[in-house]
């Protein structure tokens, strides 16, 4: 019941403030930054996959000793950061959906193939750089170009596919969600500011008037002792 | 061709000790590409718009007259049809030993390696050699063939599929060295192509579904001969132009064309990678995945490798195109931009093809000569004077091969840098933006120069 009340109120608030249907494409620069971050972080998942395929059961041992000693911490941090970002994005989309009462959409999603290409290339470059630096620091033989290309692609491509799908989905919605939440909050603040200087009684504020809509009103009327026990009813 | 390759191409008996470390060669080659970029910017960097891609061409009246006679087509058709017939007959009825069967030499060396290189140097030879078009035209002269169906607008995707299938036969099936399989594939492709032309129309089929016509059409743009055709597709004028500039011509844009060009590069690169230790280790490591597939396992892992490499090449290319657009500061369509710049990669594919197949063309091609005495391996002596011919290795010393490959690869990349810069001039509004947009392309070219040289060096040199 309370969900309906909230939805109804904010919808009306939105209409009152001229927000309308918010469809915003994600800012190009922000998308590039998100892709860069996801590419760098996702490459660690690709690294894990490549090593798992290459070394099987010994992969964990190899990736946590010698020049790879740093890797478990980096991988965990990277995966944790990606997971946190994903959850935050989902929360925003979920909250916006709750406020709007319908799906948060964007009419312009970024090109999947572009995102995939950028993420994959970034991940592959990071993987190659990581392997070369590890080889130089550890004084071991460097992976050859075909090795980097074959194992890098095998490990990074599946991760890039998932990352591109997720980023495309989220980028199309998070921006809209953020826009929607921001507008609703602004509208609420504006209303509050507009009403506070006149020291209008709280019950007379427009927000309250909205709250006491048909559903909310009936909801409030039901609270308290049974009407038969009220003094006014005697 | 596996055994042939084992004998000559990927193992020269002795490996060549480079006089300097391989890395030095790689960096020097990359450096040459960078210097060429600077020179291009200094001497050819000012033009923008359509002027940037305008190139000089000169009408060649003598060539026009020759091209307008029926003779080039007649001679070309005769060579094409006889070649196709020879592949099918010798493949079906000749020796099962690939070294002793002309079908192998005709298909993989004379057609696949030499004709591609020649078409790059001269122009689209396939338009005259195409045996299927010749057969169709000959039949059509007596029995009028009208198309039954209209081909759906699929671009050149069918040709992409056919080209990939051809690459699989050559590189991943492990059957390219079986003359019988080569003959069956040639016969099957002949039937499909003739049926396709009859059902959908000659030019419709050839332009969209026949991979070799599409391939040679692209390669022919590199050549110095340009033929202008009238509405009936007859040659009206023949021009001479600088090498490579034909690739600047704007054609239809589409991902199908981009994928086709990328396949041209990736199949060649895969052919090189297959000969490296890295690939051997890769397949051995992944044995648990493909070994259970039995006889199909090796085919599966190789095809997966080819797909993986093609996917990687395509994605890296697209990422670089995004960078080109970003630095060019233009909200242009990615597909159009990618198509325009994909054609500037064709010189790289051509030189890589020439470099990779160098020893095939100069040494192994000679293996056909003694076989002319007894093409079917039946003990005939048709040309006894040729029976004892021994291939000459004069042009195939490991050092010669290495330096020829080095020069070819660098020259190809320099041409690609030049074409790419001109194309950028056409696409972007100012010379400054065009220049900025080319930094990513330069990086891509330098990386590709060094990687392809490294791959080519593996079977030849011991200097790494």
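The values are calculated or read from the model by the stated rules, or taken from the named source; none is laboratory data. This structure is a prediction, so every number in the text was calculated from the model and none was measured. Note: ideal-geometry Cβ built from the backbone for every residue, glycine included; neighbour counts use all protein chains shown.
Quick look at the values:
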read-out	value
Condition met for residue B:92 (part of a helix (DSSP H, G or I) and crowded, with 17+ Cβ neighbours inside 10 Å)	no
Some residue of the stretch B:34-56 being over 25 Å from the mean Cα position of the chain (by Cα), buried (at least 20 other Cβ atoms within 10 Å of the Cβ), modelled with pLDDT under 90 and not in a helix (DSSP H, G or I)	yes
The stretch A:148-181, residues that are away from chain B (no Cβ under 14 Å) and within 17 Å of residue A:50 (Cα to Cα)	A:162
Helices (runs of 4 or more DSSP H) contained entirely in the stretch B:329-436, each with at least 3 residues that are surrounded by fewer than 20 Cβ atoms within 10 Å (Cβ to Cβ)	B:334-342, B:368-371, B:384-387, B:398-427
Single condition residue B:9 does not satisfy, out of (1) more than 26 Å from the chain's Cα centre (by Cα); (2) modelled with pLDDT under 90	(1)
Pick from the stretch B:303-329, criterion more than 10 Å from chain A (Cβ to nearest Cβ) and modelled with pLDDT under 95, ranking: nearest to residue B:425 (Cα to Cα)	B:328
Qualifying position, being part of a loop (DSSP other than H, G, I, E, B) and away from chain B (no Cβ under 13 Å), among A:137, A:133, A:104	A:104
Residue within the stretch B:422-437 that is more than 14 Å from chain A (Cβ to nearest Cβ) and under 30 Å from residue B:103 (Cβ atoms) present	no
Selected residue (only one of A:79, A:98 is surrounded by fewer than 16 Cβ atoms within 10 Å (Cβ to Cβ), over 20 Å from residue A:162 (Cβ atoms) and in contact (Cβ under 8 Å) with a residue 12 or more places away in the chain)	A:98
Unmet criterion (only one of (1) at pLDDT 95 or above; (2) surrounded by fewer than 17 Cβ atoms within 10 Å (Cβ to Cβ)) for residue B:149	(1)
Qualifying residue in the stretch B:237-257 (condition: out of contact with any helix residue (DSSP H, G or I) (no Cβ under 6 Å at 6 or more places or on another chain), farther than 30 Å from residue B:54 by Cα and surrounded by 22 or more Cβ atoms within 10 Å (Cβ to Cβ))	no
Among residues of the stretch B:330-340, those that are more than 13 Å from residue B:440 (Cβ to Cβ) and more than 10 Å from every other protein chain (Cβ to nearest Cβ), counted	6
Residue in the stretch B:176-196 that is within 20 Å of residue B:343 (Cβ to Cβ), in contact (Cβ under 8 Å) with a residue 12 or more places away in the chain and in contact with a helix residue (DSSP H, G or I) (Cβ under 7 Å, 6 or more places away or on another chain) present	no
Residue identified as more than 12 Å from every other protein chain (Cβ to nearest Cβ) and either on the phi < 0 side of the Ramachandran plot or in contact with a helix residue (DSSP H, G or I) (Cβ under 6 Å, 6 or more places away or on another chain) (or both) among A:84, A:117	A:84
Helices (runs of 4 or more DSSP H) fully within the stretch B:179-289 counting 1 or more residues that are away from chain A (no Cβ under 14 Å)	B:179-200, B:202-208, B:211-220, B:255-273
Members of the stretch B:60-88 that are farther than 17 Å from residue B:124 by Cα and touching a residue at least 60 places away in the same chain (Cβ under 8 Å)	B:84, B:86, B:87, B:88
Meets criteria (in contact with a helix residue (DSSP H, G or I) (Cβ under 6 Å, 6 or more places away or on another chain), over 17 Å from residue A:31 (Cα atoms) and within 14 Å of chain B (Cβ to nearest Cβ)) for residue A:145	yes
Filter result (closer than 17 Å to residue B:339 by Cβ and out of contact with any helix residue (DSSP H, G or I) (no Cβ under 6 Å at 6 or more places or on another chain)) within the stretch B:397-445	B:427
